[in-house]
Amino acid sequence: MKIMLVGTGGREHALAWKMAQSPLLAELVLAPGNDAMEKLASNNLAISRQPETSADDVEALVELAKSCKPDLVVIGPENALAGGLADKLNDLGINVFGPNAAAARLESSKAFTKDFCQRHNIPAARSKTVSSENEANDYLETLSAPYVLKADGLAAGKGVVITEDLIEAKASAKQMLDGQFGEASSKLVIEEFLTGEEASLFVLCDGKTAVPMVGAQDHKRAFDGDTGPNTGGMGCYSPAPILDDEMTDKVMQQIVKPTLAGMVEQGTPFSGVLYAGLMIDNNQPKLIEYNVRFGDPECQVLMLRLQSDLIPALMACATEGLATMEPLSWDQRSAACVVMAANGYPRTVSKGSIITGIEQASISPAVKVFHAGTKISVNGEVSANGGRVLNIAASGEDLSQAVANCYAGVEQVNWSQGFYRRDIGWRALGK
Ligand code: AMP
Ligand code: GLY
């Protein structure tokens with residue numbers, strides 16, 4: 001089978017690593033992939049790479065798919081989904097893992113999702129969508145601190161402001177409405193602050209059937225103790241103790257299934273992986289947000305735990321095959337991931353600093369290094385080439401062992417220009 005994989009980061013490296021283990025895969029086309037992913041090639045697996053094709057460039061990706069004629073296109077990141085890549089590939093008769101643009105609105109428009117949740121009685125924070133400063137100020141006055149403001153559209157994880165201060169909330173609203181995130185912040189969702197514990201559930205969907213995978217917990221803030229700016233995620237683990245079978249069932253019944261049914265009802269069925277970001281308080285889950293793709297770095301720990309072949313599962317999502325798919329089998333042990341990021345992330349970073357010790361990091365079979373933003377020179381020298389740069393992931397008998405295995409790997413890496421959190425798993429481990 002030939003698969004085209006869209007994306008560049010640690011999530012896509014983990015997907016490629018897992019797919020490369022499948023006897024079904026003969027050829028992988030990376031669009032654009034990264035240098036480390038190319039090294040998954042073997043006698044049984046041919047890998048080609050299109051380093052000039054941006055993962056956001058829908059037209060270029062469609063042209064590539066037309067010329068390489070894959071059996072399946074797997075889309076990692078959200079921008080191309082929101083931009084209609086799946087629609088165009090479907091029109092060409094190509095199987096796609098990932099939703100079309102209308103279904104991707106569950107991530108690409110927070111206003112759409114809030115309105116949808118209200119109409120379908122899906123538990124979520126009380127909110128209002130506003131498009132003028134006056135409306136924003138009037139609604140903020142009715143709330144109490146902390147205030148939560150969200151840009152309606154995609155803003156690379158930076159479009160959420162949470163502040164205790166009403167004056168600051170009003171100033172942020174003005175700044176966003178004045179175009180801080182361009183068109184993405186021409187509307188804002190202002191919502192009630194939720195308390196509780198966050199967790200994420202990943203659900204495979206084929207438009208008709210939904211199959212829950214497992215849960216994970218992310219660490220969104222840059223620094224230890226959940227301080228510093230929000231990032232794309234600095235580390236995570238799976239399973240999430242709070243998402244036990246009973247809670248997973250509740251999330252499926254109260255949140256995911258009504259969502260999927262509502263999407264069918266309005267003629268935009270969802271296929272791909274639905275990432276439900278949840279806040280759980282007093283045993284009651286509420287939806288914080290949906291993403292329409294795997295989480296990064298959550299995908300890395302999911303792939304470590306998944307024992308089944310990934311390819312039939314992705315293909316089933318693309319071809320309405322989930323109802324007859326063999327149940328997925330999961331390693332019941334824990335997996336964790338520590339993200340190593342360039343100094344300055346999530347703000348401006350400099351590229352090109354040299355990293356050594358990566359091979360030593362993965363010397364134990366429990367540890368797996370996924371590359372998120374690196375460059376590898378012809379002589380094998382690895383340098384930083386992005387904000388989030390390396391993902392050190394590991395399994396273990398329990399969470400504490402998985403985390404210890406990750407940090408044993410991290411210790412081997414020499415990189416003076418990077419940083420990482422030293423407390424991945426602290427909430428669950430502290431209990
Ligand atoms: P989002 O991009 O919507 O996931 O928001 C980023 C992060 O902000 C979430 O992971 C939460 O930690 C936090 N957050 C978002 N909405 C709320 C809310 N209504 N109440 C409390 N925290 C929130
Ligand atoms: N780690 C959070 C995300 O992928 O959105």
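Among the strands (runs of 3 or more DSSP E) confined to the stretch 178-259, the ones with at least 3 residues that are more than 16 Å from ligand 1 (Cβ to nearest atom) are located at 197-206, 210-218. Inside the stretch 365-382, can you point out the residues that are touching a helix residue (DSSP H, G or I) at 6+ places or on another chain (Cβ under 9 Å) and either crowded, with 23+ Cβ neighbours inside 10 Å or at pLDDT 95 or above (or both)? If the condition is that a residue be touching a helix residue (DSSP H, G or I) at 6+ places or on another chain (Cβ under 9 Å) and either crowded, with 23+ Cβ neighbours inside 10 Å or at pLDDT 95 or above (or both), then VAL367, LYS368, VAL369, PHE370, HIS371, ALA372, GLY373, THR374, LYS375, ILE376, SER377, VAL382 are the ones that fit.
Residue check: is LYS286 of a type in the set (D, E, K, R) and away from ligand 1 (no atom under 14 Å from the Cβ)?
When the stated conditions are applied, LYS286 does not pass them.
The set of residues in the stretch 196-214 being within 14 Å of GLY425 (Cα to Cα) and buried (at least 21 other Cβ atoms within 10 Å of the Cβ) consists of ALA199 alone.
Within the stretch 284-297, residues that are within 16 Å of LYS257 (Cα to Cα) have Cβ atoms under 6 Å from residues that are part of a loop (DSSP other than H, G, I, E, B) and near ligand 2 (Cβ under 6 Å from one of its atoms) in no pair, counting only partners at least 6 apart in sequence or on another chain. When we screen ALA102, ALA14, ALA41 for residues that are out of contact with any Leu (no Cβ under 9 Å at 6 or more places or on another chain), among the small types (Gly, Ala, Ser) and more than 16 Å from ligand 1 (Cβ to nearest atom), the only hit is ALA102. For the stretch 277-302, a residue qualifies if it is surrounded by fewer than 24 Cβ atoms within 10 Å (Cβ to Cβ) and either farther than 21 Å from ALA111 by Cα or near ligand 2 (Cβ under 8 Å from one of its atoms) (or both), and the qualifying residues are GLY277, ILE280, ASP281, ASN282, ASN283, GLN284, ASN291, GLY295. The set of residues from the stretch 201-235 being in contact with a helix residue (DSSP H, G or I) (Cβ under 6 Å, 6 or more places away or on another chain) and either of a type in the set (Gly, Ala, Ser) or on the phi > 0 side of the Ramachandran plot (or both) comprises ALA210, ALA216.
For GLY430, the requirement of being modelled with pLDDT under 95 and over 21 Å from the mean Cα position of the chain (by Cα) is met. Number of residues in the stretch 319-345 that are surrounded by 20 or more Cβ atoms within 10 Å (Cβ to Cβ) and under 22 Å from GLY425 (Cβ atoms): the value is 9.
The values are calculated or read from the model by the stated rules, or taken from the named source; none is laboratory data. Here the structure is a predicted model, which means the values were calculated and not measured. Cβ atoms come from the backbone with ideal geometry, glycine included; neighbour counts cover every protein chain shown.
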